[in-house]
1. Taking the stretch 270-459 as the region of interest, what is the percent of Cα-Cα pairs per 10 angstrom bin, listed from the shortest bin to the one with the maximum distance?
2. For ARG391, enumerate residues with amide H under 5 Å from its amide H, sequence gap 5+ or separate chain, H modeled in the peptide plane.
3. Applying a 10 Å radius around every beta-carbon, put 411-422, 446-457 in order of their mean neighbour count, most first.
4. Report the far tail of the P(r) of the stretch 232-382, meaning the percent of Cα-Cα pairs longer than 28 Å.
5. So what's the Cα pair-distance distribution over the stretch 67-123, bin width 10 Å, in %?
6. Using the 10 angstrom Cβ neighbour count as an exposure proxy, how do ARG391, ARG360 rank, fewest first?
7. LYS199 versus ARG394, label points 7 Å from Cα toward the beta carbon: distance in nm?
8. Starting with the highest mean, order 172-185, 288-301, 95-108 by the number of other Cβ atoms within 10 Å, averaged over the residues of each peptide.
Amino acid sequence: MEEETPIDENFPLFAKPKRKPKSIEAQIPSFNPNSETSQLEKFSGSGTDSSTASSFAGLGLAEWAVQTCKELGMKRPTAVQAHCIPKILEGRDVLGLAQTGSGKTAAFALPILQRLAENPYGVLALVVTPTRELAFQLAEQFRALGSCLHLRCEVVVGGMDMLTQARNLVARPHVVIATPGRIKVLLEEDPDIPPVFSKTKFLVLDEADRVLDSGFEEELRVVFRCLPKNRQTLLFSATMTSDLQTLLELSANKAYFYEAYEGFKTVDTLKQQFIKMPKKVKDVYLVYMLSKMEDMGIRSAIIFVSTCRNCHRLSLLLEELDQKAASLHSFKSQSLRLSSLHRFKSGQASILIATDVASRGLDIPTVDLVVNYDIPRNPRDYVHRVGRTARAGRGGLSLSFITQNDVVLLHAIEAELGKQLEEFECKEQEVLSDITKIFNASRVAKMKLMDEGFDEKAKERKKQKLETLAEKGLLKKRNKKRKLSVD
């Protein structure tokens, strides 16, 4: 039998086999929640069943927590909150799988804060999330929900001063919210940091499908080493993966699996449409759609692109056309990323141009429109992108730009969603009326891009990224995945 070297007996998913197994399926136990020996309790439903509690008080939350929810305008628990909060309070491991905008953050934050109120000492919870922007948003939500507890919450992400972060961690904040890379570096390089987490009671993986991606495996190994084995593990996501399923089945605390929908799904209040166009006039169509925002009653919009270069180019283009837009991509420093997000959230800019760093978890109530300027190659990414609008029961619109090269990707998305997207109707002659002006602005934007040396910086950054992947031994895995997707 193949030998394994488990890092944590509760998480053998991250044990590394000494030789290559014959098949991937052989590593993953069968999923059988009805088995007599299974410790898994599963609830599957539409999220609207009548058995859910009608008030936060009925979930076992303390009076202060119920009052805080009331002050924040949370009138009654959502389905994921109603099912998961009591189980977390019981001490169970939980996987909550629910649509974007369904209130997953409060589902794990409220019971954690209730435990904190009972014993406010040390780092009670470590929350790991895939992006810096999401980490800061989670911190805002924890502070809001724990406003009466004098909560000390520390955000530990890349792009910020590590000495300050290390000093703040040693001071034992109540909740630590971190991205995998930065917390790994601090745990490995500063001997004072691992003891900080020696009595941590909760490990939360938010956007768990992304955090459990193979690219973060090494980081999570380091995190698991430093956490006590008697912790509770809470996994929350909008999409299911085999890694999530396997990790849940191997839980030692009789895990509870809440699934609010089946497969890929977007909310009913979201109107999903597409526009067909030649590739060379995508910019023209984009400017036209943005000019119609006020007429359509759209307060703000997020434009998703596939590359940092395109993100920066479009921001320069809109700047040339006197459009107020913020941009968000990984080439920016952390301070500039936070500044862009603040401008957008505060309404100083009604347009945010972003790569997929903004596709996960961001909750900005004024977003009424999501534009897929570049269609994502993975339908799962589409679900997360369009989930930035039509949240918490509100309406929203998503528009996908379809060129001659994108038809196959559109059909793949429709197949995963189980429905066809509607075509957005617009008059081509009206759209193209400003084509000369926009083409001229586009040329100026490209020249500015060259003057800034953006492409050279991009090449250097790509080289560094490939070197990092090679050091981790992930480069071959990545190439294999690409080959499989092509086949």
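1. Once binned at 10 Å, the Cα pair distances of the stretch 270-459 give 9, 37, 39, 14, 1.
2. none
3. 411-422, 446-457
4. Percentage above 28 Å: 31.
5. 21, 53, 24, 2
6. Values: ARG391 21, ARG360 24.
By the 10 Å Cβ count, ascending, the order reads ARG391, ARG360.
7. About 4.1 nm, to one decimal.
8. Packing proxy ranking, top to bottom: 95-108, 172-185, 288-301.
Every number here is computed from the coordinates shown, using simple stated rules; none is lab data. Quick caveat, the model's predicted, so the values are computed rather than measured. Cβ atoms come from the backbone with ideal geometry, glycine included; neighbour counts cover every protein chain shown.
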